[in-house]
Every structure is written in C-alpha cells, then in structure tokens.
1. Which residue out of TYR435, TYR441 is within 20 Å of the chain's Cα centre (by Cα) and assigned by TED's automatic domain parsing to the domain that holds MET208?
2. Restricting attention to the stretch 203-222, does a residue exist that is buried (at least 24 other Cβ atoms within 10 Å of the Cβ), at pLDDT 95 or above, charged (D, E, K, R) and within 19 Å of SER110 (Cβ to Cβ)?
3. Could you list, in sequence order, the residues of the stretch 462-513 that are surrounded by 22 or more Cβ atoms within 10 Å (Cβ to Cβ) and in a loop (DSSP other than H, G, I, E, B)?
4. Spot the failing condition for LEU402; the list is (1) touching a helix residue (DSSP H, G or I) at 6+ places or on another chain (Cβ under 6 Å); (2) at pLDDT 85 or above; (3) not polar (S, T, N, Q), and only one is missed.
5. Within the stretch 302-336, which residues are among the acidic types (Asp, Glu) and touching a residue at least 24 places away in the same chain (Cβ under 8 Å)?
6. Can you tell me how many residues within the stretch 32-70 are crowded, with 17+ Cβ neighbours inside 10 Å and in a helix (DSSP H, G or I)?
7. (1) in a strand (DSSP E or B); (2) over 30 Å from PHE90 (Cβ atoms): which one isn't true of VAL458, the others all being true?
8. Determine whether HIS409 is out of contact with any strand residue (DSSP E or B) (no Cβ under 6 Å at 6 or more places or on another chain) and either farther than 30 Å from TYR359 by Cβ or in the same structural domain as LEU144 (by TED's automatic domain parsing) (or both).
Amino acid sequence: MIKSALQIARESYQPKLPASLKGGVKIVEGAKTQSIADQEEIQQMFPNTYGMPVLTFEPGEKKVFPAINVGVILSGGQAPGGHNVIAGLFDGLKALNSNSRLYGFLGGPSGLTDNKYMELTKDIIDHYRNTGGFDIIGSGRTKLEKTEQYDKGLKNCKALGIQALVIIGGDDSNTNACVLAEYYKSTNAGVQVIGCPKTIDGDLKNEMIETSFGFDTACKVYSELIGNIQRDANSAKKYWHFIKLMGRSASHIGLECALQTQPNFTIISEEVEEKGQTLEDIVDQITEVIIERSKNNENFGTVLIPEGLIEFIPEMKSLIAELNDLMAEHEEELNTLDTINEKREYITEELTVGSANAYSSLPDDIANQLIMDRDPHGNVQVSKIETEKLLIQMVETKLKHLRKDGKFHGKFSAQNHFFGYEGRCAAPSNFDADYTYSLGYTAAVLIGEGKTGYMASVRNTTATADKWIAGGVPVTMMMNMEKRHGEMKPVIQKALVKLDGAPFKTFAANREKWAKETLYVYPGPIQYFGPTEVCDMPTKTLLLEKGAK
C-alpha cells in the first residue's frame with residue numbers, strides 16, 4: 001500500500017479517550033425509556049428490547065472477561081472516521097480479553113447473509129488507523145428486513161463463533177440493527193447487536209447522541225471548498241456560485257457551512273417548510289440579494305442549497321409523496337413502458353389535480369429526475385435532482401424581466417457546484433478521529449457487559465476528550481412510525497434543524513448582514529497538528545447547541 005507522508009504521520013496518532021474507558025468500567029443504569037413517539041406500536045414490535053435504561057460508564061474496577069468473537073459491518077454511505085470505529089472496537093475487545101477476535105463482513109450487510117468476511121488482525125487494523133474511507137471491509141446498502149436474512153446471518157455467525165455484531169450506520173442501518181437485536185433476543189440466538197451512529201448529514205442525533213460521526217470532518221471539507229470559491233469570487237469580482245450540499249432530510253450541513261463561511265444566501269429547508277414558501281418565493285429572495293449587491297457593483301456571491309430542498313417546498317413535498325406511493329403501487333405497469341415520456345404521461349394521469357399541475361409546470365429535466373429509479377427506501381433520489389441548476393435558470397429568467405422593466409442594472413453570471421463525495425471519505429479531523437475511536441471502544445464495553453439493542457453513545461463532546469461521557473442508548477428510544485414503500489414501519493426519527501435552536505438563531509441574526517456585505521470567512525484545510533484550539537475544535541453547531549463560547 002502506497003501512503004502519503006500525512007497518512008504515515010496519522011498512523012501514529014493515538015486518539016484520545018474518555019476517562020471512563022481508560023481502565024475498568026462501572027455501568028450506571030438510568031431510568032427506563034420509551035420511544036420518542038408511537039409508544040404502543042413500537043413496544044408491541046420490540047417487546048424484548050423496548051424500555052431498556054440509558055447506560056452511563058464511570059471508572060470502575062478491572063474485570064475479567066471471557067474471549068469473544070465479534071463481527072462488524074459498515075452500512076450505507078461513507079463517513080470520515082469509520083476506520084477508527086473499527087480500530088476502537090478492536091482495541092476495546094483486546095482490552096477485555098487478548099484472545100477476542102474481530103471479523104469484518106465484506107461489502108456491507110450483504111456480507112453477513114452471503115458469508116463474505118475477513119478476520120481483522122492488528123497488522124490490518126494498524127494500516128487504517130485515522131484514515132478516511134470504508135475500504136478496510138467495504139460498505140453496502142442491503143437492508144436486513146427479512147427473517148430469512150436474519151437466519152442466514154445467524155448461521156454464518158455460529159460457524160465463526162461470533163457472539164456479537166456491531167453495525168456502523170445511519171438511522172436506517174441502526175433501525176435494522178435494532179430489528180435484528182430484537183429477533184435474535186426473541187429466539188435466544190445468543191448473538192448481541194450494537195449500533196454506532198454514522199452519517200455526515202448530521203440528522204442522527206438527540207439528547208444522547210450529540211452528533212453523528214463524520215459530520216465534523218465533512219463540514220470542514222465543504223467549508224474549505226466554499227471558502228476557496230468565495231475568495232475566488234471576491235478576487236475576480238464576478239460569478240454567483242450556487243452550491244448544493246449534502247443533506248437529503250435535513251439542512252444541518254448547509255447551516256454549519258454557513259456559520260463557518262458566512263455566504264451571501266443560505267437556504268434552510270426546514271424554514272422553507274415552516275413558512276410554506278414556494279419555489280417562486282425562494283427565487284424572489286435570492287434575486288433581491290443579487291440586486292442589492294449589484295448596487296454596490298458586487299456582481300458576485302455564494303448561495304448554499306441543501307440537497308433535499310425540493311422535498312421541503314410544500315407543493316413539491318405533496319407531489320413527491322404522491323409519486324413515491326404511486327410508483328411503489330404501479331411499479332409493474334411502469335416497468336412495461338419504454339420511454340420516459342410514456343412514464344410521465346402515465347404518472348400525470350394518476351396524480352391528483354394539484355400535484356399533476358405542479359408536475360407539469362416543472363422543466364423537463366427536473367420532471368424526468370423525479371421519476372428516476374428510487375433509493376432502497378422507495379424515495380426520490382434527491383441527490384440526482386439538479387436543484388442548483390433549476391434555481392439558476394429561474395433567477396436568470398427573473399432578472400431578465402427585471403432588467404427589461406429597468407429594475408436591475410447589474411451583471412449576473414452563475415456557476416453551479418455540488419459538494420457531496422468530496423467530504424465522505426476525507427481523513428477524519430482530530431475530533432472525528434477521537435469520537436469514532438471512543439464509539440468503537442464503547443461498543444466493545446457494551447458487548448463485554450452482554451448488552452444488545454443499544455447504540456454506542458459518547459456525550460459532553462464540547463469538553464476535552466477525557467471528560468466525554470461514554471455509554472449506551474436503547475435504539476427503540478429514538479424510534480417512531482413512518483411510511484416506507486407505502487407501509488408504516490418503525491424507524492429512527494430523523495433530527496431536523498431546530499428553528500428555535502441556537503445554531504439557527506445565530507445564523508438568522510447575521511444573514512441579512514452577510515447578504516449585503518462581503519464578510520466571507522476562509523476556513524482553510526483541516527489541521528491535524530498544532531494548537532488544540534485549531535486542531536480539536538468541534539463544529540460551530542455543536543458548540544452553540546451546548547452553549548459553549
């Protein structure tokens with residue numbers, strides 16, 4: 001393996017741990033829990049894992065643990081720090097008993113059912129410490145939903161002597177982990193299941209999961225790129241840059257990047273939905289900012305757009321919900337149609353009048369993108385909808401009319417960008433390297449203590465790492481019922497941007513000034529070596545949420 005100088009240097013970095021994980025661990029149980037919503041339904045579905053207490057680790061006496069074989073799975077899209085979760089899990093298991101063994105299932109959850117695996121030894125693990133990516137064992141999006149899959153996985157675990165599984169993933173992956181934990185417990189299978197919170201989107205969090213891993217690194221990567229673009233715009237004094245950012249279900253990335261870089265305009269999807277704004281309303285707001293800046297001869301700027309915006313615009317949200325149900329219900333009929341125009345014609349006839357009108361009003365490319373293949377959950381693949389280009393087209397049209405009416409005298413030329421993959425496999429920041437290593441180590445302790453149906457939790461993350469609070473939170477505590485593929489299913493509730501929260505309030509208090517003036521911040525690249533206030537600083541979102549200065 002060819003390595004860069006930075007990668008070689010990073011291999012020797014020893015992630016910091018909470019004090020409670022540096023020796024023996026005492027587990028303190030909190031009160032019994034209940035799901036965030038739909039309590040009766042969730043309890044009926046998870047009778048064996050519902051209501052378990054929150055667990056907090058404290059320093060305790062060193063115990064003797066039997067050797068245990070554990071399997072680990074990376075599930076879903078990549079996020080910086082995944083390798084360190086595995087490294088922390090490995091080191092944690094070896095600390096419990098040096099004869100414990102760790103097996104990585106290859107290519108995601110399908111590796112469990114297809115019996116594709118490799119043993120992860122120290123020689124292998126050491127090459128991946130503090131590196132980005134999921135390439136140590138690969139990832140995948142297979143959903144573990146059927147009894148047949150659970151039984152296949154159990155058979156493969158038994159053959160390897162595996163007594164516990166750790167599933168590293170987002171909200172859907174951890175929902176699957178909880179379903180698997182419930183099934184194995186209900187059948188006395190003898191296999192524990194522990195989850196770890198991963199997603200750069202930042203929408204897997206609550207009072208016990210302060211942040212999902214990878215969010216810190218991805219936002220710092222995107223903010224560096226946005227800062228570079230803003231410096232170019234401010235140097236050349238031309239181009240409006242419309243930048244779409246990852247975040248299908250929530251605008252956490254857009255909000256964090258705005259707080260880091262101070263762009264001229266940032267759309268927060270949750271605010272759009274709250275105010276019932278139309279696409280035309282959003283275009284009008286952007287246009288107003290462009291006109292105001294042109295009066296000062298500043299014919300340049302930046303607009304940040306969350307990936308999932310289109311699903312938060314009321315008329316589009318209704319349309320997409322109908323499309324999701326319609327395409328699930330009429331999948332066979334649609335598959336018999338050869339051309340995109342035939343599919344559009346068929347779909348338009350099946351839609352309600354309001355949604356049909358909204359669908360017919362869209363540009364052809366956007367209308368086509370809305371009926372492309374669905375994601376594994378049966379939803380529109382919003383990352384393929386070029387919202388940034390749609391907004392540029394609509395703004396251009398608006399400005400042309402205003403110019404004819406003598407209401408716009410400036411220049412407008414736009415560039416479009418989509419930052420997604422650029423941040424998913426970056427080398428983790430010190431914060432993410434420490435956080436993910438602690439999550440993996442926490443998962444090992446939960447396994448050693450015989451727990452199942454829990455997600456590893458590390459809190460108090462705005463303090464120094466030795467003061468972080470490790471423990472476990474029951475996955476059922478985060479669940480509610482949602483419609484998937486036309487059916488109501490238990491899933492972890494996504495965390496949206498809170499419009500009454502400190503991060504949004506700070507943004508809202510400053511955005512008018514950022515719109516009119518050029519007050520760009522240029523964060524620069526992630527720093528791994530140097531003063532702790534430069535290298536170990538968490539996101540502005542986390543600092544504001546926790547009231548840190």
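The values are calculated or read from the model by the stated rules, or taken from the named source; none is laboratory data. What you see is a predicted model, and the numbers here were worked out from it, not measured in a lab. Don't worry about glycine lacking a Cβ; one is built from the backbone with ideal geometry, like all the others, and counts go over all protein chains shown.
1. The match here is TYR435.
2. The answer is no, given that none of the residues of the stretch 203-222 is buried (at least 24 other Cβ atoms within 10 Å of the Cβ), at pLDDT 95 or above, charged (D, E, K, R) and within 19 Å of SER110 (Cβ to Cβ).
3. TRP468, VAL497
4. Condition not satisfied by LEU402: (1).
5. GLU307, GLU311, GLU315, GLU322, ASP325, GLU329
6. 2
7. Going through the list (1) in a strand (DSSP E or B); (2) over 30 Å from PHE90 (Cβ atoms), VAL458 breaks only (2).
8. Taking the combined requirement at face value, the residue satisfies it.
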